[in-house]
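Below: one structure, written as C-alpha coordinates.
The values are calculated or read from the model by the stated rules, or taken from the named source; none is laboratory data. Just so it is clear, the structure is predicted and the values come from calculations on it, not from any experiment. Note that each Cβ is placed from the backbone with ideal geometry, even for glycine, and that neighbours are counted across all protein chains shown.
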Amino acid sequence: MLATLNFHSISHFFLNSLALSAWKSLSGSIWSLRVNPSSGNLHPTEGYFITGPVSGLDGIPGGVFHYTPKDHALELRSRIKNDEWNKLDLPYGTILIALPSIYWRESWKYGERAFRYCMHDVGHALGAFGIAASCLGWQVLLQDCVGNEDLLSLLGITDVDDLEAEHPDCLFAIFTDGEIHDVSISSEDLKRIHPSELLGKPNTLSADHVDWSIIYRVEDAASKPPTNPVHGNNLDRSPKISKDICRIIRKRRSAQVMDGQMGISLDNFSKILDLIKPSQVPFCPGLRRSYVDLVFFIHRVQGLGNGLYLMVRDNGRAKKLQEFMNPEFEWKKLSNFPADIDLYLLAQGDMRFVAQQASCHQNIADDGCFAVAMLAEFEEPLQEIGPWLYPRLYWECGMIGQMLYLGAEVNLLRGCGIGCFFDDFVHEILGLVDIEFQDFYHFAVGKALEDKRLLTLPAYD
(Lines give C-alpha, C1' and ligand atoms only; values in the text may rest on other atoms or scores of the structure.)
Protein backbone atom coordinates (compact mmCIF):
# COMPACT_ATOMS: atom_id res chain seq x y z
CA MET A 1 0.00 0.00 0.00
CA LEU A 2 1.41 3.39 -1.02
CA ALA A 3 1.02 6.17 1.53
CA THR A 4 0.40 9.72 0.34
CA LEU A 5 3.06 12.22 1.35
CA ASN A 6 1.52 14.44 4.01
CA PHE A 7 1.99 15.39 7.67
CA HIS A 8 0.45 12.11 8.80
CA SER A 9 2.76 9.88 6.72
CA ILE A 10 5.87 11.91 7.63
CA SER A 11 4.90 11.51 11.28
CA HIS A 12 4.64 7.74 10.86
CA PHE A 13 7.91 7.68 8.95
CA PHE A 14 9.81 9.18 11.89
CA LEU A 15 7.69 7.39 14.49
CA ASN A 16 8.90 4.07 13.05
CA SER A 17 12.54 5.07 12.59
CA LEU A 18 14.09 7.55 15.08
CA ALA A 19 11.30 8.17 17.60
CA LEU A 20 10.96 7.14 21.22
CA SER A 21 9.39 3.71 21.66
CA ALA A 22 8.79 3.76 25.44
CA TRP A 23 9.94 5.09 28.78
CA LYS A 24 11.30 2.85 31.52
CA SER A 25 11.16 3.61 35.24
CA LEU A 26 12.89 2.08 38.26
CA SER A 27 13.18 3.42 41.82
CA GLY A 28 12.47 6.99 40.80
CA SER A 29 14.76 6.97 37.76
CA ILE A 30 13.27 7.28 34.29
CA TRP A 31 14.83 6.91 30.85
CA SER A 32 13.64 6.61 27.28
CA LEU A 33 14.03 3.88 24.68
CA ARG A 34 14.04 4.42 20.93
CA VAL A 35 12.94 2.56 17.84
CA ASN A 36 16.49 2.55 16.43
CA PRO A 37 19.04 0.58 18.48
CA SER A 38 22.12 2.23 19.94
CA SER A 39 25.21 1.19 21.87
CA GLY A 40 24.53 1.80 25.56
CA ASN A 41 21.27 3.58 24.62
CA LEU A 42 23.43 6.68 23.99
CA HIS A 43 22.14 7.57 20.49
CA PRO A 44 24.87 9.56 18.76
CA THR A 45 22.95 9.64 15.44
CA GLU A 46 21.00 12.78 14.58
CA GLY A 47 18.35 12.97 11.87
CA TYR A 48 17.63 15.80 9.43
CA PHE A 49 14.62 16.16 7.14
CA ILE A 50 15.24 18.23 4.00
CA THR A 51 12.50 19.25 1.62
CA GLY A 52 11.40 21.74 -0.98
CA PRO A 53 7.85 22.77 -1.87
CA VAL A 54 5.75 19.60 -1.87
CA SER A 55 2.00 19.21 -2.14
CA GLY A 56 0.61 17.74 1.06
CA LEU A 57 3.18 19.54 3.18
CA ASP A 58 1.59 22.97 2.79
CA GLY A 59 2.70 25.19 5.62
CA ILE A 60 6.19 23.70 5.74
CA PRO A 61 8.70 25.96 3.99
CA GLY A 62 11.45 24.44 1.93
CA GLY A 63 14.30 23.93 4.34
CA VAL A 64 16.49 21.82 6.57
CA PHE A 65 14.73 20.48 9.66
CA HIS A 66 16.21 18.72 12.68
CA TYR A 67 14.17 15.84 14.10
CA THR A 68 13.81 15.86 17.87
CA PRO A 69 12.70 12.46 19.22
CA LYS A 70 11.61 13.66 22.66
CA ASP A 71 8.90 15.89 21.17
CA HIS A 72 8.45 13.91 17.93
CA ALA A 73 8.82 17.20 16.12
CA LEU A 74 10.69 18.86 13.27
CA GLU A 75 12.73 21.96 14.15
CA LEU A 76 13.45 24.39 11.33
CA ARG A 77 17.20 25.02 11.09
CA SER A 78 17.36 26.94 7.80
CA ARG A 79 15.23 27.75 4.78
CA ILE A 80 15.94 26.66 1.21
CA LYS A 81 14.65 28.78 -1.66
CA ASN A 82 12.26 27.04 -4.02
CA ASP A 83 14.31 27.79 -7.13
CA GLU A 84 17.43 26.33 -5.47
CA TRP A 85 15.58 23.16 -4.53
CA ASN A 86 14.17 22.81 -8.04
CA LYS A 87 17.71 22.82 -9.45
CA LEU A 88 18.24 19.41 -7.86
CA ASP A 89 15.76 18.11 -10.47
CA LEU A 90 14.40 15.41 -8.16
CA PRO A 91 11.23 13.41 -8.90
CA TYR A 92 8.22 15.18 -7.46
CA GLY A 93 7.55 14.19 -3.85
CA THR A 94 11.18 13.31 -3.11
CA ILE A 95 12.43 14.15 0.36
CA LEU A 96 15.99 13.93 1.69
CA ILE A 97 17.29 12.58 4.98
CA ALA A 98 20.76 13.35 6.34
CA LEU A 99 22.48 11.60 9.24
CA PRO A 100 25.40 13.03 11.24
CA SER A 101 26.95 11.61 14.44
CA ILE A 102 28.02 13.22 17.71
CA TYR A 103 31.02 11.16 18.77
CA TRP A 104 31.09 12.56 22.30
CA ARG A 105 27.78 10.84 23.08
CA GLU A 106 29.67 7.53 22.86
CA SER A 107 33.30 8.46 23.61
CA TRP A 108 32.66 9.69 27.16
CA LYS A 109 31.82 6.07 28.01
CA TYR A 110 33.58 3.93 25.41
CA GLY A 111 36.68 5.94 24.52
CA GLU A 112 38.24 5.24 21.14
CA ARG A 113 35.72 2.46 20.43
CA ALA A 114 33.16 5.24 20.03
CA PHE A 115 33.90 5.62 16.32
CA ARG A 116 33.01 1.99 15.70
CA TYR A 117 29.86 2.24 17.81
CA CYS A 118 28.76 5.44 16.08
CA MET A 119 29.13 3.81 12.68
CA HIS A 120 27.15 0.75 13.84
CA ASP A 121 24.43 3.16 14.92
CA VAL A 122 24.39 4.88 11.52
CA GLY A 123 23.72 1.42 10.07
CA HIS A 124 20.97 0.80 12.63
CA ALA A 125 19.38 4.12 11.65
CA LEU A 126 19.69 3.36 7.93
CA GLY A 127 17.99 0.06 8.59
CA ALA A 128 15.24 1.72 10.60
CA PHE A 129 14.61 4.32 7.88
CA GLY A 130 14.59 1.68 5.14
CA ILE A 131 11.99 -0.38 6.99
CA ALA A 132 9.86 2.63 7.92
CA ALA A 133 9.86 3.77 4.28
CA SER A 134 8.97 0.31 2.99
CA CYS A 135 6.02 0.06 5.39
CA LEU A 136 4.66 3.20 3.67
CA GLY A 137 5.39 1.84 0.19
CA TRP A 138 8.25 4.33 -0.30
CA GLN A 139 11.74 3.66 -1.69
CA VAL A 140 15.19 4.62 -0.36
CA LEU A 141 18.35 5.44 -2.31
CA LEU A 142 21.68 6.36 -0.73
CA GLN A 143 23.25 9.41 -2.38
CA ASP A 144 26.72 7.97 -2.46
CA CYS A 145 28.58 10.49 -4.60
CA VAL A 146 28.12 13.36 -2.13
CA GLY A 147 31.17 14.25 -0.04
CA ASN A 148 31.26 14.91 3.69
CA GLU A 149 32.16 18.57 3.20
CA ASP A 150 29.01 19.03 1.11
CA LEU A 151 26.88 17.70 3.95
CA LEU A 152 28.57 20.04 6.42
CA SER A 153 27.51 22.96 4.26
CA LEU A 154 23.97 21.68 3.69
CA LEU A 155 23.31 21.08 7.39
CA GLY A 156 24.96 24.31 8.50
CA ILE A 157 27.55 22.53 10.66
CA THR A 158 30.42 24.94 11.21
CA ASP A 159 32.39 24.31 14.39
CA VAL A 160 33.56 20.76 13.66
CA ASP A 161 36.48 21.11 16.09
CA ASP A 162 34.08 21.34 19.03
CA LEU A 163 34.00 18.01 20.93
CA GLU A 164 30.20 18.03 20.83
CA ALA A 165 30.04 18.81 17.12
CA GLU A 166 28.02 16.80 14.63
CA HIS A 167 30.02 14.94 12.01
CA PRO A 168 28.38 14.17 8.64
CA ASP A 169 27.74 10.56 7.68
CA CYS A 170 25.32 10.19 4.77
CA LEU A 171 22.49 11.59 2.69
CA PHE A 172 19.71 9.54 1.15
CA ALA A 173 16.61 10.21 -0.92
CA ILE A 174 13.12 8.93 -0.14
CA PHE A 175 10.90 8.49 -3.20
CA THR A 176 7.33 8.74 -2.00
CA ASP A 177 5.84 7.75 -5.37
CA GLY A 178 6.81 4.15 -4.67
CA GLU A 179 9.30 3.98 -7.55
CA ILE A 180 13.06 3.82 -7.25
CA HIS A 181 14.73 6.39 -9.49
CA ASP A 182 18.28 6.39 -10.80
CA VAL A 183 19.08 9.75 -9.19
CA SER A 184 22.52 10.89 -8.05
CA ILE A 185 22.82 14.22 -6.27
CA SER A 186 26.32 15.54 -6.88
CA SER A 187 28.54 17.89 -4.93
CA GLU A 188 27.90 20.54 -7.57
CA ASP A 189 24.15 20.12 -7.07
CA LEU A 190 24.44 20.74 -3.33
CA LYS A 191 26.64 23.78 -3.88
CA ARG A 192 23.68 25.41 -5.63
CA ILE A 193 21.76 25.32 -2.34
CA HIS A 194 22.48 28.13 0.09
CA PRO A 195 20.58 27.56 3.35
CA SER A 196 19.49 30.75 5.05
CA GLU A 197 20.58 31.96 8.47
CA LEU A 198 20.67 29.10 10.96
CA LEU A 199 17.91 28.97 13.54
CA GLY A 200 18.29 27.42 16.97
CA LYS A 201 21.31 26.18 18.85
CA PRO A 202 22.24 22.59 19.80
CA ASN A 203 21.97 21.72 23.47
CA THR A 204 25.19 21.39 25.46
CA LEU A 205 25.75 17.82 26.59
CA SER A 206 28.58 18.07 29.13
CA ALA A 207 30.48 20.64 31.15
CA ASP A 208 33.75 18.71 30.81
CA HIS A 209 35.19 16.60 28.01
CA VAL A 210 37.97 14.12 27.25
CA ASP A 211 39.55 14.54 23.83
CA TRP A 212 39.85 11.12 22.18
CA SER A 213 41.87 12.50 19.30
CA ILE A 214 42.30 9.12 17.59
CA ILE A 215 38.59 9.20 16.68
CA TYR A 216 39.11 12.37 14.65
CA ARG A 217 42.22 10.99 12.98
CA VAL A 218 40.20 7.98 11.86
CA GLU A 219 37.38 10.25 10.70
CA ASP A 220 39.79 12.39 8.66
CA ALA A 221 41.39 9.32 7.09
CA ALA A 222 37.98 7.87 6.16
CA SER A 223 36.30 11.13 5.13
CA LYS A 224 34.15 10.73 2.03
CA PRO A 225 35.23 12.93 -0.93
CA PRO A 226 32.91 13.73 -3.82
CA THR A 227 32.84 10.76 -6.20
CA ASN A 228 31.31 10.01 -9.55
CA PRO A 229 27.85 8.40 -9.50
CA VAL A 230 27.46 4.72 -10.22
CA HIS A 231 24.26 4.87 -12.25
CA GLY A 232 21.97 1.87 -12.21
CA ASN A 233 24.06 0.23 -9.49
CA ASN A 234 22.07 -2.13 -7.28
CA LEU A 235 18.74 -0.54 -8.16
CA ASP A 236 16.67 -3.70 -8.37
CA ARG A 237 13.37 -3.26 -6.56
CA SER A 238 13.71 -4.77 -3.10
CA PRO A 239 11.00 -7.12 -1.85
CA LYS A 240 8.39 -5.44 0.29
CA ILE A 241 8.86 -5.80 4.01
CA SER A 242 6.42 -8.16 5.73
CA LYS A 243 3.42 -6.96 7.71
CA ASP A 244 4.85 -8.75 10.75
CA ILE A 245 7.93 -6.53 10.64
CA CYS A 246 5.83 -3.35 10.29
CA ARG A 247 3.73 -4.48 13.24
CA ILE A 248 6.60 -5.01 15.68
CA ILE A 249 8.96 -2.13 14.77
CA ARG A 250 8.09 -0.12 17.88
CA LYS A 251 8.18 -3.19 20.16
CA ARG A 252 11.85 -3.89 19.49
CA ARG A 253 13.97 -4.08 22.63
CA SER A 254 17.57 -5.06 23.32
CA ALA A 255 18.03 -8.11 25.54
CA GLN A 256 20.16 -7.61 28.62
CA VAL A 257 20.20 -11.23 29.81
CA MET A 258 19.15 -14.47 28.05
CA ASP A 259 17.82 -17.65 29.64
CA GLY A 260 20.32 -20.11 28.15
CA GLN A 261 17.55 -22.63 27.44
CA MET A 262 15.06 -21.68 24.76
CA GLY A 263 15.81 -22.61 21.16
CA ILE A 264 14.44 -21.68 17.76
CA SER A 265 13.00 -23.93 15.06
CA LEU A 266 14.92 -24.50 11.86
CA ASP A 267 12.08 -22.93 9.88
CA ASN A 268 12.09 -19.73 11.93
CA PHE A 269 15.88 -19.58 11.82
CA SER A 270 15.66 -19.84 8.03
CA LYS A 271 13.18 -16.93 7.98
CA ILE A 272 15.62 -14.79 9.95
CA LEU A 273 18.37 -15.61 7.45
CA ASP A 274 16.02 -14.61 4.65
CA LEU A 275 15.62 -11.15 6.24
CA ILE A 276 19.37 -10.46 6.10
CA LYS A 277 19.99 -11.29 2.46
CA PRO A 278 21.49 -8.29 0.59
CA SER A 279 18.46 -8.23 -1.75
CA GLN A 280 16.10 -7.48 1.14
CA VAL A 281 14.92 -4.24 2.66
CA PRO A 282 16.62 -2.34 4.28
CA PHE A 283 19.92 -2.91 2.47
CA CYS A 284 19.28 0.29 0.58
CA PRO A 285 20.12 0.61 -3.08
CA GLY A 286 23.05 2.91 -3.64
CA LEU A 287 25.48 0.90 -1.55
CA ARG A 288 27.96 -0.42 -4.07
CA ARG A 289 27.55 -4.05 -3.05
CA SER A 290 27.48 -6.32 -0.02
CA TYR A 291 30.79 -6.80 1.80
CA VAL A 292 29.68 -8.63 4.95
CA ASP A 293 29.25 -12.36 5.61
CA LEU A 294 28.09 -13.94 8.85
CA VAL A 295 29.82 -16.46 11.08
CA PHE A 296 27.22 -18.26 13.24
CA PHE A 297 27.91 -19.90 16.59
CA ILE A 298 24.89 -22.21 16.69
CA HIS A 299 23.78 -23.24 20.19
CA ARG A 300 20.05 -24.04 20.12
CA VAL A 301 18.60 -24.26 16.61
CA GLN A 302 16.32 -27.29 16.46
CA GLY A 303 17.24 -29.59 13.59
CA LEU A 304 20.66 -27.99 13.16
CA GLY A 305 23.65 -29.43 14.95
CA ASN A 306 25.67 -27.18 17.24
CA GLY A 307 28.76 -25.80 15.62
CA LEU A 308 30.41 -23.09 13.55
CA TYR A 309 28.58 -22.03 10.39
CA LEU A 310 29.07 -19.41 7.69
CA MET A 311 26.38 -17.57 5.73
CA VAL A 312 27.93 -16.21 2.53
CA ARG A 313 25.77 -13.23 1.56
CA ASP A 314 27.47 -12.82 -1.81
CA ASN A 315 27.99 -16.26 -3.34
CA GLY A 316 30.82 -14.92 -5.48
CA ARG A 317 32.85 -14.58 -2.28
CA ALA A 318 32.61 -18.23 -1.17
CA LYS A 319 35.74 -19.35 -3.02
CA LYS A 320 37.79 -16.46 -1.66
CA LEU A 321 36.63 -17.10 1.90
CA GLN A 322 37.50 -20.77 1.61
CA GLU A 323 40.95 -19.85 0.32
CA PHE A 324 41.71 -17.61 3.32
CA MET A 325 40.10 -19.70 6.09
CA ASN A 326 41.22 -22.76 8.00
CA PRO A 327 41.79 -25.51 5.40
CA GLU A 328 40.38 -28.12 7.80
CA PHE A 329 36.88 -26.63 7.75
CA GLU A 330 34.21 -28.91 6.27
CA TRP A 331 32.49 -26.35 3.99
CA LYS A 332 29.38 -28.52 3.80
CA LYS A 333 26.57 -26.65 1.98
CA LEU A 334 23.27 -27.18 3.80
CA SER A 335 20.49 -28.30 1.50
CA ASN A 336 17.54 -27.78 3.86
CA PHE A 337 17.52 -24.02 3.24
CA PRO A 338 16.16 -22.01 0.29
CA ALA A 339 18.47 -22.04 -2.73
CA ASP A 340 19.35 -18.35 -2.30
CA ILE A 341 20.62 -18.84 1.27
CA ASP A 342 24.22 -20.07 1.19
CA LEU A 343 24.83 -21.54 4.64
CA TYR A 344 27.87 -23.77 5.20
CA LEU A 345 28.83 -25.98 8.11
CA LEU A 346 32.46 -25.24 8.97
CA ALA A 347 32.94 -27.29 12.13
CA GLN A 348 30.69 -29.26 14.48
CA GLY A 349 30.80 -28.97 18.24
CA ASP A 350 29.77 -26.95 21.27
CA MET A 351 30.59 -23.32 20.48
CA ARG A 352 29.13 -21.70 23.59
CA PHE A 353 32.44 -21.06 25.35
CA VAL A 354 34.08 -19.90 22.13
CA ALA A 355 31.25 -17.44 21.43
CA GLN A 356 31.45 -16.08 24.97
CA GLN A 357 35.22 -15.66 24.83
CA ALA A 358 35.03 -13.97 21.43
CA SER A 359 32.49 -11.44 22.72
CA CYS A 360 34.56 -10.09 25.62
CA HIS A 361 33.50 -12.96 27.91
CA GLN A 362 29.86 -11.82 27.85
CA ASN A 363 27.38 -14.56 28.81
CA ILE A 364 24.77 -13.22 26.42
CA ALA A 365 26.81 -14.63 23.52
CA ASP A 366 26.41 -18.22 24.73
CA ASP A 367 23.01 -18.04 26.48
CA GLY A 368 21.03 -17.41 23.30
CA CYS A 369 19.92 -19.58 20.41
CA PHE A 370 22.87 -18.38 18.38
CA ALA A 371 25.55 -15.70 18.23
CA VAL A 372 26.96 -14.01 15.14
CA ALA A 373 30.29 -12.51 14.17
CA MET A 374 30.03 -10.21 11.14
CA LEU A 375 33.01 -10.66 8.84
CA ALA A 376 33.69 -7.86 6.35
CA GLU A 377 35.79 -8.08 3.22
CA PHE A 378 38.39 -5.46 4.04
CA GLU A 379 41.76 -4.98 2.39
CA GLU A 380 40.90 -5.34 -1.30
CA PRO A 381 37.75 -3.13 -1.31
CA LEU A 382 39.50 -0.33 0.58
CA GLN A 383 42.43 -0.45 -1.83
CA GLU A 384 40.10 -0.51 -4.82
CA ILE A 385 37.56 2.14 -3.73
CA GLY A 386 39.29 4.14 -1.01
CA PRO A 387 39.45 4.45 2.78
CA TRP A 388 36.07 6.25 2.80
CA LEU A 389 34.49 2.81 2.36
CA TYR A 390 35.59 1.90 5.90
CA PRO A 391 32.58 3.43 7.76
CA ARG A 392 30.21 1.87 5.22
CA LEU A 393 31.32 -1.60 6.27
CA TYR A 394 30.07 -0.77 9.76
CA TRP A 395 26.84 0.61 8.27
CA GLU A 396 26.14 -2.68 6.54
CA CYS A 397 26.75 -4.52 9.82
CA GLY A 398 24.36 -2.14 11.59
CA MET A 399 21.64 -2.78 8.99
CA ILE A 400 22.12 -6.53 9.44
CA GLY A 401 21.85 -6.02 13.19
CA GLN A 402 18.58 -4.10 12.79
CA MET A 403 17.06 -6.97 10.82
CA LEU A 404 18.31 -9.52 13.36
CA TYR A 405 16.61 -7.47 16.08
CA LEU A 406 13.30 -7.48 14.22
CA GLY A 407 13.59 -11.11 13.10
CA ALA A 408 14.07 -12.06 16.74
CA GLU A 409 11.01 -10.06 17.80
CA VAL A 410 8.82 -11.77 15.18
CA ASN A 411 9.81 -15.09 16.78
CA LEU A 412 9.09 -13.89 20.34
CA LEU A 413 12.81 -13.66 21.03
CA ARG A 414 15.15 -10.73 21.55
CA GLY A 415 18.39 -9.58 20.01
CA CYS A 416 21.43 -7.86 21.44
CA GLY A 417 24.17 -6.06 19.54
CA ILE A 418 27.62 -6.77 20.99
CA GLY A 419 30.10 -4.02 20.20
CA CYS A 420 32.88 -5.35 22.43
CA PHE A 421 34.65 -8.37 20.94
CA PHE A 422 38.12 -9.79 20.37
CA ASP A 423 38.60 -9.66 16.62
CA ASP A 424 42.04 -11.31 16.68
CA PHE A 425 40.58 -14.26 18.59
CA VAL A 426 37.83 -14.64 15.99
CA HIS A 427 40.40 -14.45 13.18
CA GLU A 428 42.39 -17.20 14.91
CA ILE A 429 39.28 -19.41 15.15
CA LEU A 430 38.65 -18.92 11.44
CA GLY A 431 42.27 -19.35 10.43
CA LEU A 432 42.59 -15.79 9.06
CA VAL A 433 46.16 -14.52 9.18
CA ASP A 434 46.03 -11.24 7.27
CA ILE A 435 43.63 -8.30 6.84
CA GLU A 436 41.74 -9.50 3.79
CA PHE A 437 38.74 -10.06 6.10
CA GLN A 438 38.00 -8.36 9.42
CA ASP A 439 35.56 -8.97 12.28
CA PHE A 440 33.29 -5.90 12.52
CA TYR A 441 30.31 -6.57 14.84
CA HIS A 442 28.84 -9.29 17.05
CA PHE A 443 25.22 -10.11 17.82
CA ALA A 444 23.17 -12.61 19.85
CA VAL A 445 19.57 -13.82 19.57
CA GLY A 446 17.69 -15.71 22.28
CA LYS A 447 14.99 -15.66 24.94
CA ALA A 448 15.39 -12.54 27.07
CA LEU A 449 14.86 -12.58 30.82
CA GLU A 450 12.71 -9.59 31.69
CA ASP A 451 13.46 -7.42 34.73
CA LYS A 452 10.07 -7.35 36.45
CA ARG A 453 11.11 -4.40 38.59
CA LEU A 454 10.93 -2.10 35.57
CA LEU A 455 7.80 -0.11 34.84
CA THR A 456 7.11 0.54 31.14
CA LEU A 457 5.43 3.83 30.18
CA PRO A 458 4.20 5.02 26.78
CA ALA A 459 6.56 6.95 24.55
CA TYR A 460 4.22 9.90 24.07
CA ASP A 461 1.15 11.03 25.98
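Can you pull out every residue in the stretch 151-169 that is free of Cβ contacts under 8 Å to residues at least 40 places away in the same chain and among the acidic types (Asp, Glu)?
Scanning the stretch 151-169 gives Asp159, Asp161, Asp162.
Restricting attention to the stretch 171-202, which residues are closer than 18 Å to Pro44 by Cα and out of contact with any helix residue (DSSP H, G or I) (no Cβ under 7 Å at 6 or more places or on another chain)?
Once the filter is applied, which keeps residues that are closer than 18 Å to Pro44 by Cα and out of contact with any helix residue (DSSP H, G or I) (no Cβ under 7 Å at 6 or more places or on another chain), the stretch 171-202 yields Lys201, Pro202.
Of the residues Gln302, Gln348, only one is within 15 Å of Lys271 (Cα to Cα), in contact with a Gly (Cβ under 7 Å, 6 or more places away or on another chain), at pLDDT 95 or above and surrounded by fewer than 20 Cβ atoms within 10 Å (Cβ to Cβ); which?
Just a single option satisfies the conditions, and that option is Gln302.
Within the stretch 77-111, which residues are farther than 28 Å from Leu2 by Cβ and assigned to a strand (DSSP E or B)?
The answer is Arg77, Ser78, Arg79, Pro100, Ser101.
May I ask you to list pairs of residues, at least six apart or on different chains, whose Cβ atoms are under 6 Å apart, with the first in the stretch 274-296 being over 20 Å from Val146 (Cβ atoms) and the second being among the hydrophobic types (A, V, I, L, M, F, W, C) and in a loop (DSSP other than H, G, I, E, B)?
Val281/Ile241
Quick test for you: out of Pro61, Pro37, Pro100, pick the one residue that is on the phi < 0 side of the Ramachandran plot, of a type outside the set (Val, Ile, Thr), in contact with a Lys or Arg (Cβ under 8 Å, 6 or more places away or on another chain) and at pLDDT 95 or above.
Pro37 is the lone residue from the list that is on the phi < 0 side of the Ramachandran plot, of a type outside the set (Val, Ile, Thr), in contact with a Lys or Arg (Cβ under 8 Å, 6 or more places away or on another chain) and at pLDDT 95 or above.
Can you say whether Ala408 is among the small types (Gly, Ala, Ser), over 15 Å from the mean Cα position of the chain (by Cα), assigned to a helix (DSSP H, G or I) and under 25 Å from Phe353 (Cα atoms), as far as the supplied structure shows?
yes
Of the residues that make up the stretch 152-168, is at least one acidic (Asp, Glu) and in contact with a Phe, Trp or Tyr (Cβ under 7 Å, 6 or more places away or on another chain)?
There is at least one residue in the stretch 152-168 that is acidic (Asp, Glu) and in contact with a Phe, Trp or Tyr (Cβ under 7 Å, 6 or more places away or on another chain).
Need the failing condition index for Tyr67 against (1) part of a helix (DSSP H, G or I); (2) of a type in the set (Phe, Trp, Tyr); (3) under 24 Å from Leu199 (Cβ atoms), just the number.
Of (1) part of a helix (DSSP H, G or I); (2) of a type in the set (Phe, Trp, Tyr); (3) under 24 Å from Leu199 (Cβ atoms), only one is false for Tyr67: (1).
For the stretch 10-25, name all the residues that are closer than 13 Å to Ala73 by Cα and either assigned to a strand (DSSP E or B) or not small (Gly, Ala, Ser) (or both).
Ile10, His12, Phe13, Phe14, Leu15, Leu18, Leu20
Give me a count of the residues in the stretch 412-461 that are of a type outside the set (Gly, Ala, Ser), assigned to a strand (DSSP E or B) and at pLDDT 95 or above.
11
Rundown of residues vs (1) farther than 18 Å from Thr94 by Cα; (2) in contact (Cβ under 8 Å) with a residue 40 or more places away in the chain; (3) within 23 Å of the chain's Cα centre (by Cα), yes/no style:
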residue	(1), (2), (3)
Leu171	no, yes, yes
Ile193	no, yes, no
Leu199	yes, yes, no
Ala207	yes, no, no
Lys224	yes, yes, yes
Ile248	yes, yes, yes
Gln256	yes, yes, yes
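Residue under question is Val281, and the condition is that it be assigned to a loop (DSSP other than H, G, I, E, B), touching a helix residue (DSSP H, G or I) at 6+ places or on another chain (Cβ under 9 Å) and buried (at least 19 other Cβ atoms within 10 Å of the Cβ); does it hold?
Criteria met by Val281.
Run Leu266 past the list (1) touching a Gly at 6+ places or on another chain (Cβ under 7 Å); (2) surrounded by 20 or more Cβ atoms within 10 Å (Cβ to Cβ) and report the number of the one that doesn't hold.
With (1) touching a Gly at 6+ places or on another chain (Cβ under 7 Å); (2) surrounded by 20 or more Cβ atoms within 10 Å (Cβ to Cβ) applied to Leu266, the lone miss is (2).
Exactly one of (1) surrounded by 15 or more Cβ atoms within 10 Å (Cβ to Cβ); (2) touching a Leu at 6+ places or on another chain (Cβ under 9 Å); (3) not aromatic (Phe, Trp, Tyr) is unmet by Asn41. Its number?
Against the list (1) surrounded by 15 or more Cβ atoms within 10 Å (Cβ to Cβ); (2) touching a Leu at 6+ places or on another chain (Cβ under 9 Å); (3) not aromatic (Phe, Trp, Tyr), Asn41 comes up short only on (1).
Restricting to the stretch 388-404, name every residue that is out of contact with any strand residue (DSSP E or B) (no Cβ under 8 Å at 6 or more places or on another chain) and part of a helix (DSSP H, G or I).
The answer is Leu389, Tyr390, Met399, Gln402, Met403.
Filter the stretch 152-161 for residues that are surrounded by fewer than 21 Cβ atoms within 10 Å (Cβ to Cβ) and not in a loop (DSSP other than H, G, I, E, B) and give the result.
Within the stretch 152-161, Leu152, Ser153 qualify.
Kindly evaluate Met311 against the criterion of being touching a Cys at 6+ places or on another chain (Cβ under 6 Å) and assigned to a strand (DSSP E or B).
It is false that Met311 is touching a Cys at 6+ places or on another chain (Cβ under 6 Å) and assigned to a strand (DSSP E or B).
Which pairs have Cβ atoms under 6 Å, sit 6 or more apart or on different chains, and link a residue in the stretch 395-419 that is in contact (Cβ under 8 Å) with a residue 60 or more places away in the chain to one that is of a type in the set (S, T, N, Q) and surrounded by 24 or more Cβ atoms within 10 Å (Cβ to Cβ)?
Gly419/Ser39
Could you tell me which numbered condition Arg192 fails, if it satisfies all but one of (1) out of contact with any Cys (no Cβ under 7 Å at 6 or more places or on another chain); (2) buried (at least 17 other Cβ atoms within 10 Å of the Cβ)?
(2)
Could you go through the stretch 130-150 and let me know if any residue there is acidic (Asp, Glu), in a loop (DSSP other than H, G, I, E, B) and free of Cβ contacts under 8 Å to residues at least 24 places away in the same chain.
No: the stretch 130-150 contains no residue that is acidic (Asp, Glu), in a loop (DSSP other than H, G, I, E, B) and free of Cβ contacts under 8 Å to residues at least 24 places away in the same chain.
May I ask you to verify whether Asp121 is crowded, with 20+ Cβ neighbours inside 10 Å and more than 18 Å from Ser9 (Cβ to Cβ)?
When the stated conditions are applied, Asp121 passes them.
Checking Tyr117 against (1) assigned to a helix (DSSP H, G or I); (2) more than 22 Å from Leu18 (Cα to Cα), only one condition comes out false. Which one?
It is condition (2) that Tyr117 fails.
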